[in-house]
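**Student:** Below is one structure. I have some questions about it.
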Amino acid sequence: MFTFLIVIIALALIFDYINGFHDAANSIATVVSTKVLTPFQAVMWAAFFNFLAYFIFQDHAVANTIGKTVFPEFITLPVIFAGLIASIAWNLLTWWYGIPSSSSHTLIGGFAGAAVAHAYMTKGFVAFSSIVELEKITKTVLFIFLAPLVGMVISIFITLVTIMRNVWLRILIIIVANALTWMLFLNFQTGKVHENFSKLYQIDKYKKEVSKDASEENKAKLEKAEAQYKMAVGFAGSYESEGAEKVADEISASGAFKPLEANKVKQAINNTYNIDSLKRIAMDDAALKPYIEQLTATVNKTKPYQNMYGTVPNAALADSLSAMLALTPGQRERLYNEIAKIDVRKDVIKELKKSDNSLIRYSIAGGSLIFILCYIYVDVLREPSASRKANMFKRLQLLSSAALSLGHGGSDAQKVMGIIAAAFVAYNGHKYPDTSVALRELGWVPLICYTAIAAGTLSGGWKIVKTMGSRITKVTPLEGVTAETAGAMTLFVTEQMGIPVSTTHTITGAIIGVGATKRLSAVRWGVTINLLWAWILTIPVSALLAGIFYVITSWFV
């Protein structure tokens, strides 16, 4: 199985690489068509900012959305393998014919389609909602239409502001828009802090237990967890001014670390017995269920010992638990190693820093400042002229294309990260119970994914450049800046929301918006309708291909 895991990781990176050259046109089409950069310079520029996204986007919300599209019980290595093969096939086919389809949606369609085939082949008819997370699929499908629409609206707004004659009114609108954007991203950051702390305190887990069994005991557990969560989140409100370390110390002093530490000790015991892996096996082997129930009941009796963490040395805690559970020397050693790895303060600091989007906020503010200074220089300090403005927008395209490449890397590399994380969940469920844990433990996964997509971008994608750069509408430097800025903003927003959108769809909508501000006839609607059909068909066709590939794979694996 380890060899199969390596094959899947290699395929995922191949897909990431293909995604890079398949979507390279999204970042460079306008900057090449306006002759600001040569094709070679453009791909170097785009690839650099694709990789730079590794240092900007830390929360990996999109990766978790992708990895959790399918419920864990239906995630197997053959499912992921079949989904990747289908996605690569569809990506290469659309690239060959120059169709700017979505790498994001083909990956989701392939993953879901293979999982459905697996469920039907192993368990008979299973409700679709029991196989895939409908909420995540629905949001993804919805943004097939919303992402280009948002990109189009933003590009129309930017274009109308840019062509305003009154330069000071234009600058005022930019300042107001930037302030509103800052507040929006600050709100995203707060939301992510709440979401990450909710995961730490296992609020969703307790809510599910109450929904299954609304006993007073389960309700009390949920109420206690929510109270501790709210206390911790209250301290997190000062993160911007005090920093992660100070907030973590305040939460620790309040005593809100204790339940997290107890949960970690319980998970350490579970890992010692491989309970999570056994539960997965028990889904197909009913004979294991009584044993697991007995084992779980035994672990639950260790609660007094779980609460001892931090009050006695780790070795003494491991000895006490070992005596109660009658562990073998090997199990006791494993339990001790698991307990020794517990560091709740470090986990809290990491979750706070993952939520931080200040780099994005300052980058947007810095970009806005550059635009304002350019407008003042061209329209106020110098005599306004058409040629001077054209040259200004040519130079500004370097900034806007860089922003789009940053958004492309930050959004699209995460999709492959989610698939690789899901592969580790399938391979070693007790160590990586979900993709969030896998991504937290496997620090090398983001690095290689961002490297692969940047390498793919370096390979270009000239067939699609022609469609994106000229066939939809003829693009000038001003319109190139507008389209790229609108596309980048859309990608930044959807990444913060954890929604896997298509860079292709986004920039296409932005280019359409640019064309529509001139006149509706400036947009070649025939080409646009053909693209729309390709977008709509991507998920179902990829799902069907993945189902077929899964059936074939099941004959050999």
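**Student:** Scan the stretch 36-74 residue by residue and report those that are assigned to a loop (DSSP other than H, G, I, E, B) and either touching a residue at least 40 places away in the same chain (Cβ under 8 Å) or among the hydrophobic types (A, V, I, L, M, F, W, C) (or both).
**Tutor:** Residues satisfying the conditions are VAL36, LEU37, PHE57, GLN58, ASP59, HIS60, LYS68, THR69, PHE71.
**Student:** While we're on this one: Would you mind stating whether SER363 is small (Gly, Ala, Ser), closer than 28 Å to THR508 by Cα, assigned to a helix (DSSP H, G or I) and within 15 Å of the chain's Cα centre (by Cα)?
**Tutor:** no
**Student:** From LEU373, LEU352, which residue is over 17 Å from GLU484 (Cα atoms), touching a Gly at 6+ places or on another chain (Cβ under 9 Å) and in a helix (DSSP H, G or I)?
**Tutor:** LEU352
**Student:** Hey, another quick one. Condition first: assigned to a helix (DSSP H, G or I), modelled with pLDDT of 85 or more and of a type in the set (Phe, Trp, Tyr). Can you find one or more residues in the stretch 483-496 that meet it?
**Tutor:** Yes: one or more hits.
**Student:** Against the condition in contact (Cβ under 8 Å) with a residue 60 or more places away in the chain, crowded, with 19+ Cβ neighbours inside 10 Å, within 23 Å of the chain's Cα centre (by Cα) and under 28 Å from VAL43 (Cβ atoms), how does ALA422 come out, does it pass?
**Tutor:** no
**Student:** Out of all the residues in the stretch 443-451, is one or more surrounded by 20 or more Cβ atoms within 10 Å (Cβ to Cβ) and over 27 Å from GLN202 (Cα atoms)?
**Tutor:** Checking the stretch 443-451: at least one residue is surrounded by 20 or more Cβ atoms within 10 Å (Cβ to Cβ) and over 27 Å from GLN202 (Cα atoms).
**Student:** Report whether or not SER322 is over 16 Å from ASP59 (Cα atoms) and among the hydroxyl-bearing types (Ser, Thr, Tyr).
**Tutor:** yes
**Student:** Additional query: Looking only at the stretch 244-265, how many residues end up being surrounded by 15 or more Cβ atoms within 10 Å (Cβ to Cβ) and part of a loop (DSSP other than H, G, I, E, B)?
**Tutor:** Of the residues in the stretch 244-265, 2 are surrounded by 15 or more Cβ atoms within 10 Å (Cβ to Cβ) and part of a loop (DSSP other than H, G, I, E, B).
**Student:** Next question, about the same structure. Would you say ILE420 is within 19 Å of PHE15 (Cα to Cα), part of a helix (DSSP H, G or I) and of a type in the set (Val, Ile, Thr)?
**Tutor:** Yes; evaluated as a whole, the condition is true for this residue.
**Student:** Search the stretch 335-386 for residues being among the charged types (D, E, K, R) and farther than 30 Å from ALA438 by Cβ, and hand back the single one that is surrounded by the fewest Cβ atoms within 10 Å (Cβ to Cβ).
**Tutor:** My answer is GLU383.
**Student:** When you look at SER254, is it closer than 26 Å to HIS60 by Cβ and touching a helix residue (DSSP H, G or I) at 6+ places or on another chain (Cβ under 8 Å), yes or no?
**Tutor:** The answer is no for SER254.
The values are calculated or read from the model by the stated rules, or taken from the named source; none is laboratory data. Since this is a predicted model, take the numbers as computed values, not measurements. Quick reminder, even Gly has a Cβ in these numbers, built from the backbone with ideal geometry, and neighbours come from all protein chains shown.
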